[in-house]
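Engineer: This is the structure, below, for whatever I ask next.
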Amino acid sequence: MLAALAAIGLIMLTLAIWELVVCEGAHLGPRVVIPLYDLTAHRYDGIKNFDWEWESRFLGEPLRAITGDLLDPLILDVGAGTGRTARALSLGLGFSGQVVCLEPSRRMLDLGRRRAPFPWVCWLRGLAAPLPFESGAFDVVVMLELLEFTPSARESLAELQRVLRPGSWMLISNRVGRHGWWIRGRIRSPQSFARLLAELGWQDVETYPWQVEYDLVWARKPWRDEVRAGGS
């Protein structure tokens, strides 16, 4: 009996470590994921080891280019972390808009405010769904390394589409590396992710290799607002 209880305890401990460490609490929802990021916020940039030349090339330059013809463009960065998108934009010339950084973790948000202290950046605390903004409020929406941690990919993508102006662009990451497949039920192949975007009405989908674990995906909201919701 004691041996059986010990075996059950070991299995439960293994599952807990797998979920909290390997999956970063993805299956347990925001109530677990957010405190985990609060706990590790001080080590986040060190873990990511950002190469800012790389970030400028793949994030800053394309975002500046796509908003270059707009007057005072407004970008929303969902799950902004420590200000990755804003910091990438700050490394070059040509961006004359504003960035709204939305981050659910208090400690990550505090760090972001200190590390991206730019007058054109506004920091807010909030979740990816529902987004606390009016429909059609933004010229570009960005969501990096977050979708797999949201309770419903469809709901999150529909919310991103809702707050975009018609004809505007989303930049999002899709986790494709082998470590991601441990997060059972939350990872999609590039082909599957492209199909999901098409089902939700996104157009002009383009996928680019970005990191070992992630692709970068651009997609445009239709000029006619035809959000297709449903599912999880």
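The values are calculated or read from the model by the stated rules, or taken from the named source; none is laboratory data. Owing to the predicted nature of the structure, the values given are computational and were not obtained by experimental measurement. Every residue, glycine as well, gets a Cβ built from its backbone with ideal geometry; the counts of neighbours run over all protein chains shown. Heads up: the accessible areas ignore ligands, DNA and RNA and are worked out on the full protein's heavy atoms, side chains in. Shrake-Rupley method; radii C 1.70, N 1.55, O 1.52, S 1.80 Å.
Engineer: Against the globular-protein guess of 2.2 N^0.38 Å, express the Cα radius of gyration of segment 23-103 as a ratio, rounded to two decimals.
Structural biologist: Dividing the Cα radius of gyration by 2.2 N^0.38 Å gives 1.26.
Engineer: I've got another one for you. Please calculate the 1.4 Å probe accessible area of Tyr37, with all protein chains present, and give it to the nearest 10 Å².
Structural biologist: Ignoring ligands and nucleic acids, Tyr37 comes out at about 50 Å².
Engineer: Once amide H atoms are built 1.01 Å from N in the peptide plane, which residues 5 or more positions from Gly126, or in another chain, come under 5 Å H to H?
Structural biologist: Close amide H contacts, sequence-distant or interchain: Glu103.
Engineer: If you don't mind, there's one more thing I want to ask. Run the accessible area of segment 106-210 with a 1.4 Å probe and give the carbon-and-sulfur part as a rounded percent.
Structural biologist: Taking all protein chains in place, segment 106-210 shows 52 percent carbon and sulfur surface.
Engineer: Carbon and sulfur atoms: what percent of the 1.4 Å accessible area of segment 53-98 do they account for?
Structural biologist: 50
Engineer: What list of ³J(HN,Hα) couplings, whole Hz, do you get for segment 159-173 from phi and the Karplus terms 6.51, -1.76, 1.60, once you set θ to phi - 60° and write x for glycine and proline?
Structural biologist: Result, ordered by residue: 5, 4, 5, 4, 7, 7, 6, x, x, 9, 10, 10, 10, 9, 9 Hz.
Engineer: For the peptides 83-95, 106-118, what is the packing order when you average, over each peptide's residues, the other Cβ atoms within 10 Å and list the highest mean first?
Structural biologist: Ranking the peptides 83-95, 106-118 by packing returns 83-95, 106-118.
Engineer: With a 1.4 Å probe and every protein chain left in place, work out the accessible area per residue of segment 26-138 in Å², rounded to a whole number.
Structural biologist: 52
Engineer: If you don't mind, another one. At 1.4 Å probe size, what's the solvent-accessible area of Phe149? Round to the nearest 10 Å².
Structural biologist: Approximately 10 Å² of Phe149 is accessible to the 1.4 Å probe.
Engineer: Related question: What does the net charge come to around Gln211 if you take all other residues with beta carbon closer than 15 Å to its beta carbon, with K and R at +1 and D and E at -1?
Structural biologist: -2
Engineer: Quick one: of the DSSP bridges fully inside segment 141-223, what percent are antiparallel, nearest 5?
Structural biologist: Among the beta bridges of segment 141-223, antiparallel pairing accounts for roughly 80 percent.
Engineer: Here is a further query. Using a simple charge model, +1 on the beta-carbon of Lys and Arg, -1 on the beta-carbon of Asp and Glu, nothing else, what dipole does segment 60-170 show about its Cα centre, in debye to the nearest 20?
Structural biologist: For segment 60-170, the charge dipole is close to 400 debye.
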